[in-house]
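To start, the structure itself, in structure tokens.
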């Protein structure tokens with residue numbers, strides 16, 4: 001075999017291995033707070049616990065709140081940015097980060113807000129259905 005061909009094959013195998021390694025690290029599944037302990041980049045799905053205090057601290061420049069995961073575990077979440085505008089309206093939250101001493105430190109937060117089209121779709125559906133008179 002020619003040396004250029006061998007070098008090309010080695011380069012392709014090396015690049016593919018590196019690509020697969022990085023892709024594998026970027027894939028994350030949803031976990032609860034208990035499973036998030038010891039994980040970096042854990043994705044925890046839950047709902048804001050509005051019965052407990054929340055707010056933005058001017059001293060630490062962090063927004064903190066309590067969240068209940070899908071298994072009923074409630075933990076304090078610290079987010080290093082101001083409170084998102086539609087935080088109170090969110091049906092579901094996904095916090096991405098890591099657990100440290102029963103506190104979840106979120107690097108990022110995703111919010112699922114109720115759709116403004118749900119009620120419009122229901123009204124349209126009721127108008128389209130024939131009435132039983």
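The values are calculated or read from the model by the stated rules, or taken from the named source; none is laboratory data. Computed from a prediction, not measured in an experiment: that's the story for all the values here. A quick note on method: Cβ atoms are made from the backbone with ideal geometry, for glycine too, and the neighbour counts reach across all protein chains shown.
Residue by residue through segment 80-105, note down the ones that are surrounded by 13 or more Cβ atoms within 10 Å (Cβ to Cβ) and assigned to a loop (DSSP other than H, G, I, E, B).
Hits for segment 80-105 are 80, 81, 83, 84, 87, 90.
Counting residues that are surrounded by 10 or more Cβ atoms within 10 Å (Cβ to Cβ), modelled with pLDDT of 90 or more and out of contact with any helix residue (DSSP H, G or I) (no Cβ under 7 Å at 6 or more places or on another chain), which strands (runs of 3 or more DSSP E) fully inside segment 1-79 reach at least 3?
42-48, 62-69, 74-79
Of the residues that sit in segment 106-116 and are at pLDDT 90 or above and closer than 22 Å to residue 51 by Cβ, which one is surrounded by the most Cβ atoms within 10 Å (Cβ to Cβ)?
Per the stated criteria, the residue is 106.
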